[in-house]
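*Asks:* This structure is in structure tokens; I'll ask about it shortly.
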Amino acid sequence: MPPQIIGLGDWFATPPGQYLLAWEQLQFDLAVVDMFGFNALQLGLPELLTLQSNRMPHRWLALPEEFGAGTPPATVSVPGAGTEQRVHLVTDAAALPFPAASLDLVVLPHTLELSADPHQVLREVERVLVPEGRVVISALNPVSLWGWRQGRSGLARRVGLHALGASHPFLPEVGQFIGPWRLRDWLRLLSFDVESDRYGIYGPAVRTDKWIHRFAWMDRFGARWWPVFGSVYFVVAVKRVKGMRLLGPAWRPRKAVRGASVPVAQRH
């Protein structure tokens, strides 16, 4: 019988959870390393060091209230990484304590799908981002083998098929799936442009390291043959402001215009 999983933190300590964290950590490292500015915020999921490769001088980790359980800021151990990171504040994800247009980068690792009002969280992110600021989002894909396995377990419980063993959920029963097409619509309504997206983890929902590595070949071929069916997806979007045009530096040197010669008449 599979182990009883209470919350998302427990699930991230399992082999598939560790496999997911490793894939996402690589994607965040590659995505944020060349994003420049002054202020960056990671909202949620302290198990991931999403800003460790970023070079902005001010980087914060905030936990939404529903996930921080009202606890004060503290140091959180990162499973499997042997490191710790500091939680700077516990806040309402739908009402961030930052002025408008004050952040250059906001990272949402599984924050939207765990929120009671994900669309309001996105609206708040749009408010605090500067023009041309970026938001980086990761989420689980309902149209995937992991999503299908989770949906099957929910159906089995509703119809009472406990004896078949199909009623045990693969993922913790917190939050809700948000499909990538739905997220794109939300971003478009808030004047975000999607710069890039990618999918990962194409293997079936298995629980042991042995079987995860046996199906690792599916990750190599999935991105080529069935890319949109990855169990997790990753989106980078930029905030656009209508009517705003970014100008180049005012000190750009200009070439001097050489005047044409003019003949001068002389008496002698």
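FYI, it's all coordinate maths here, none of it is from the lab. Owing to the predicted nature of the structure, the values given are computational and were not obtained by experimental measurement. For neighbour counting, all protein chains shown are included, and Cβ atoms are generated from backbone atoms with ideal geometry for every residue, glycine included.
*Asks:* Which ³J(HN,Hα) values in Hz, rounded to whole numbers, follow from the phi angles of region 178-191 under the Karplus curve 6.51 cos²θ - 1.76 cosθ + 1.60, where θ = phi - 60° and Gly and Pro get x?
*Replies:* 10, x, x, 5, 5, 5, 4, 5, 4, 5, 5, 5, 9, 6
*Asks:* Ordered by packing density, taken as the mean number of other Cβ atoms within 10 Å over each peptide's residues, highest first, how do 45-56, 220-231 rank?
*Replies:* Values: 45-56: 20.4, 220-231: 15.0.
Output ranking for 45-56, 220-231: 45-56, 220-231.
*Asks:* So, how do all the Cα-to-Cα distances of region 114-155 break down into 5 Å bins, in percent, from 0 on up?
*Replies:* 5, 17, 18, 18, 15, 12, 9, 5, 2
*Asks:* While we're on this one: Between residue 143 and residue 221, how many nm apart are label points set 7 Å from Cα along the C-beta direction?
*Replies:* The two pseudo-label positions are separated by 2.1 nm.
*Asks:* Using the beta-carbon distance between residue 185 and residue 209 and R0 = 35 Å, what value does 1/(1 + (r/R0)^6) give for FRET efficiency, to the nearest 0.05? Don't skip to the answer; put the middle values down first.
*Replies:* On the way: r = 37 Å, r/R0 = 1.07.
Approximately 0.40, to the nearest 0.05.
*Asks:* Can you list residues from other chains, or at least 5 along the same chain, whose modelled amide H is less than 5 Å from the amide H of residue 59?
*Replies:* 40
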